[in-house]
Amino acid sequence: MPQLIADRRDVDFVLHEQLGLFEHKSFNEFNKKVIDLIVSEARNLAIKEILPTFKDGDEKGCRFENGRVTVSLGEKGETIGTLLGQENKGMSAMFRMMNEAMAFVGLQGLAVASASYMYALDYARNRIQGPGGLFPMASRYTADMATSPIIRWSN
C-alpha cells in the first residue's frame, strides 16, 4: 500500500521554501510557528482519525441496500450516501468532475514547470562564470578564460 501521508520534511519544504507561505499576503497574520502548528494538527487528524477508517472500509467495502449505498467508517459508525444530481447520472457527473480535476492538475504542473524554467533561465543569464569566483585558487589555471554568464558557455 502506498504511503498516504506525506513526509513532514517534504511538507515543510514546499510550504516554507517553495511557496514562502508565511510571507504571502493572504497568510501574513500567521508566522512560521502558527503554520507549523496547523500542519501538525492536520497531520495528527489524518493519522489518528482518517487513516484508520481506510482499513475497515477496505475490508468491509460498501453495501447497496434498498436504493442506498452504505459505507463503513470503522468504529465511528456508518454513513449513508446522499443522491447528488439526477438518478442514474452519477457516473457521467463523476467523469466530468474527474476530467476537470485532471485539467486543473495539468495546468498546475504547467505553471510549476514554467516558473522553474523562468528561474533557471534568469539564473543562467545572471550567474557569472569564469576565473576567480568561488574558487580563487583555480584562477591561475583559468586565467586565459573569459568571464561571462553561464548561458553563453557551450558546456
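Would you tally the net charge around ASP7, using a Cβ to Cβ cut-off of less than 15 Å, leaving ASP7 out, and scoring K and R as +1, D and E as -1? Walk me through the numbers before you get to the answer.
Working: positive: ARG8, ARG9, ARG43; negative: ASP10, ASP12, GLU17, ASP36.
Summing Lys/Arg as +1 and Asp/Glu as -1 gives -1.
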Cα gyration tensor category, rounded, prolate or oblate, for the range 78-127 with a/c compared to 1.5: prolate
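Values in this text are rule-based calculations from the coordinates and carry no lab data. This one's a predicted model, so the numbers in the text were calculated from it and none came from an experiment. Cβ atoms come from the backbone with ideal geometry, glycine included; neighbour counts cover every protein chain shown.
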